[in-house]
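Trainee: Here it is, the structure in full.
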Amino acid sequence: MSTDKPAERWYKDAVIYELHVRAFHDGKGDGVGDFVGLTRKLDYLQDLGVSALWLLPFYPSPLRDDGYDISDYFDVHPSYGTLSEFKRFLREAHRRGLKVITELVLNHTSDQHALFQRARRAPPGSRERDFYVWSDSPSKYAEARVIFKDFESSNWTWDPVAKAYYWHRFYSHQPDLNFDNPAVLRHLLKAVDFWLGLGVDGLRLDAIPYLFEREGSSCENLPETHAFLKELRRHVDARFKDRMLLAEANQWPEDAAAYFGSGDECHMAFHFPIMPRLFSALHMEDCFPIVDILKQTPALPDALQWALFLRNHDELTLEMVTDEERDYMYRVYAMDPRARINLGIRRRLAPLLGNHRRKIELINGLLFSLPGTPVLYYGDEIGMGDNIYLGDRNGVRTPMQWSADRNGGFSQADAARLYAPVNADSVYGYQGLNVEAQEQQPCSLLNWMRQLVAARRRHDTFGRGSTEFLDADNRRVLAYFRHGADDDILVVANLSQKAQAVELALGRYAGIQPVEIVGGTLFPRIGVGPYALSFGPYGFYWFSLGCGRRPPAWRNPEVQVPFLPKGTSPESPGLPA
Ligand code: GLC
């Protein structure tokens, strides 16, 4: 069980839950979520079974990019509470065994940050001016792409105060810091020490590929960036224990893997390219996109880990796919042009999958069993919908739906005061779709997710094992082993809307009786010949092959199946003694 796992490398066994304080729960009744509200909801997160919380930026900010435009690295945005309320939240999270990961936005600040206001007024060439990247002409670094292409036409913006152009890879109100200036590094390291000193367990390094600029390059993934990361890692290791750095590098697997360095940069990195391929594999009913991208993914040493996700606070990015794949994804997942933004799709998980319960279960079954640590986006555990009529990516950032009460139980404020409207449509509206209702239904998505999270956390092999794909002789079925120290797990998934059958060559496990992990059901013994399996539409199995090494702890019939709501009894445990 997770409780006796070693403290170091906790991120290998983690299930991460991503949330925005503003969207989670409003404890003070002013229409905006805050740390008081979040602290009250920690029991819910503990019951869900997740082990780490990733908090989106909660620092002082004009909030023109949902807080990624920071104006002060050392405080809490007054709408979300005070520093002492943050500290109390952190204590309470730790008391429940939950790790806390926060954002370190290195690449840029808000144009309202005092450093930028000082820089634009300082004489050219001065130390103050040099905190940011300036030019007399907007033609420098012409090979760098524009990322927010729906909003910006250039990476340079003219500043009438400085009488010069400043460089920005994102919105023009987010000037890039100048990493060639050692004073910038010192300022950011102070922020690192501040938050890690308070006890934060991990930092997500936002937009990490873009720190440096060099003429004649794409200004991404430059060697200088990796040198900087090594220095950051040395700094953290010298001062703190068991902390984790997570790279946000939306890159192909090989370039993303470079953010691990040789174990001396980040501990984790998001695997961006696998995400759209999970969706296309599901729509094509073909395992190829998944197998193909994982075969291009370098195997990692023990201390390192991929972070896997289905949806997050941004658009479903289609940067790391081919042009044909992008066209396909737009055609099948975003026919309505309003669902598109930049190079991606601004939708939540449930609407993307047509609110198809089996598809939602299957894709989570993959997320939780493929090599890496799964990251769940708040609200997706209850199948929340989105609102593509809100601007930017705000449609996937609406208030958490807690109950059928006013404002979905999110806030006591007048509806008009809410930072964003609660979803009230006829399919995903809070009146029917909310935590309280799903807690009362044994078969709800929420209870199913609790069961999945618990099953994953009982098996270290998911987070730590190696991966081997099997040829299932049927491209609609994806099959892979996860080989761990104490167990081998076989995952078999039907990607198709129709029933399927496969015969698998499992001869090397002859004599073993597979146990289906989520329900605890025994399956027929494996023989030397092909092992036949059949599935309903979108069905999947996680089998423990035990390997006779050590019976897994959960085979003990005394262990209570943890997911059922109070007052119901398990339908079919019958776990073998
Ligand atoms: C990252 C964030 C995104 C933000 C951008 C600029 O990509 O995920 O939300 O807009 O950085 O800070």
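Trainee: So, by mean Cβ neighbours within 10 angstrom, what's the order for 260-271, 117-128 with the highest one leading?
Mentor: Result, highest mean Cβ count within 10 Å first: 260-271, 117-128.
Trainee: What is the Cα centroid distance between the stretch 257-295 and the stretch 314-330, reported in whole angstrom?
Mentor: For the stretch 257-295 versus the stretch 314-330, the Cα centre distance is 14 Å.
Trainee: Put +1 on the Cβ of each Lys and Arg and -1 on the Cβ of each Asp and Glu in the chain; which of 391, 490, 144 then has its Cα farthest toward the positive end of the dipole?
Mentor: Going by the charge dipole, the pick is 490.
Trainee: In the structure displayed, which of 295/359; 99/241; 99/190; 41/359; 12/230 lie more than 18 Å apart, Cα to Cα?
Mentor: Going by Cα-Cα distance, 295/359; 99/190; 41/359; 12/230 fall outside the 18 Å limit.
Trainee: To the nearest Å, what is the center-to-center distance of the stretch 132-204 and the stretch 229-247, using C-alpha atoms only?
Mentor: 22
Trainee: For residue 471 and residue 534, FRET efficiency with R0 = 25 Å and r from the beta-carbon atoms, rounded to 0.05?
Mentor: Efficiency at R0 = 25 Å is approximately 0.90.
Trainee: On a 0 to 90° scale, report how tilted helix 357-367 is relative to the longest principal axis of the chain, with both axes built from alpha carbons and the result rounded to the nearest 10.
Mentor: 70
Trainee: When the Karplus curve 6.51 cos²θ - 1.76 cosθ + 1.60 is applied with θ = phi - 60°, which whole-Hz ³J(HN,Hα) does each residue of the stretch 183-196 get, with x for Gly and Pro?
Mentor: With the stated coefficients, the stretch 183-196 comes to 5, 5, 4, 4, 4, 5, 5, 5, 5, 4, 4, 4, 6, 5 Hz.
Trainee: Relative to the compact-globule scaling 2.2 N^0.38 Å, provide the ratio for the alpha-carbon radius of gyration of the stretch 51-109. Working shown, then result.
Mentor: Working: Rg = 12.0 Å, N = 59, 2.2 N^0.38 = 10.4 Å.
Relative to the rule-of-thumb radius for its length, the stretch 51-109 sits at 1.16.
Trainee: Can you give me the distance in nm between label points at residue 390 and residue 127, each placed 7 Å from the Cα along the Cα-to-Cβ direction?
Mentor: Reported label-point gap for residue 390 and residue 127 is 4.3 nm.
Trainee: Rounded to the nearest 20 debye, what is the charge dipole size of the chain about its Cα centre when +1 sits on each Lys and Arg Cβ and -1 on each Asp and Glu Cβ?
Mentor: Values: 66 positive and 75 negative charges, 208 e Å.
Roughly 1000 debye, rounded to the nearest 20.
Trainee: A further question follows. How much FRET efficiency would the formula 1/(1 + (r/R0)^6) give for residue 264 and residue 96, where r is the Cβ-Cβ distance and R0 is 41 Å, rounded to 0.05?
Mentor: According to the calculation, E is roughly 0.80.
Trainee: Next question, about the same structure. For the chain, what does -39500 (n - 2.57) per DSSP helix run (n ≥ 4), summed and divided by total residues, give at 222 nm, in deg cm²/dmol to the nearest 500? Walk me through the numbers on the way to the answer.
Mentor: On the way: 16 runs with 146 residues, N = 577.
One gets -7000 deg cm²/dmol as the mean residue ellipticity at 222 nm.
Trainee: Turning to a different aspect of this structure: Across the stretch 466-544, what fraction of all alpha-carbon pairs, as a whole percent, falls in each successive 5 Å bin from zero upward?
Mentor: Bins of 5 Å from zero give 3, 16, 26, 29, 19, 6, 1, 0 percent of pairs.
Trainee: Just from the alpha-carbon atoms, what are the Rg and Dmax of the chain in angstroms?
Mentor: In Å, with Rg to one decimal and Dmax whole: 24.0, 79.
Trainee: A follow-up question, please. At what distance in nm do the modelled label points of residue 88 and residue 424 sit from each other, each positioned 7 Å from its Cα along Cα→Cβ?
Mentor: 3.1
Trainee: Tell me, in nm to one decimal, what length is gained between residue 302 and residue 516 on full extension, where the rule is 0.36 nm per residue of separation less the Cα-Cα distance? Provide the component values of the computation, followed by the final result.
Mentor: On the way: separation 214, 0.36 × 214 = 77.04 nm, distance 2.66 nm.
Here the answer is 74.4 nm.
Trainee: While we're here: If you fit an axis through the alpha-carbon atoms of helix 83-95 and take the longest principal axis of the Cα set of the chain, what angle between them do you get, 0 to 90°, nearest 10?
Mentor: Value to nearest ten degrees: 20.
Trainee: Sticking with this one: So who's got an amide H within less than 5 Å of the one on residue 373, skipping anything under 5 residues away but keeping other chains? H placed 1.01 Å off N, in plane.
Mentor: 306, 307, 308
Trainee: Mind giving me the FRET efficiency for residue 326 and residue 358? R0 is 25 Å, r the Cβ-Cβ distance, nearest 0.05 is fine.
Mentor: 0.40
Trainee: Given the Cα-Cα distance of residue 498 and residue 153 and 0.36 nm per residue of separation, how much length would full extension add, in nm?
Mentor: Length difference between fully extended and current span is 119.6 nm.
Trainee: While we're on this one: Helix 323-333 against the longest principal axis of the chain: what's the angle in degrees, Cα atoms only, rounded to the nearest 10?
Mentor: That helix lies at roughly 70 degrees to the long axis.
Read-outs throughout are calculated quantities, based only on the coordinates presented, and are distinct from any laboratory measurement. Fair warning: this is a prediction, and the values are worked out from it, not measured in the lab. Quick reminder, even Gly has a Cβ in these numbers, built from the backbone with ideal geometry, and neighbours come from all protein chains shown.
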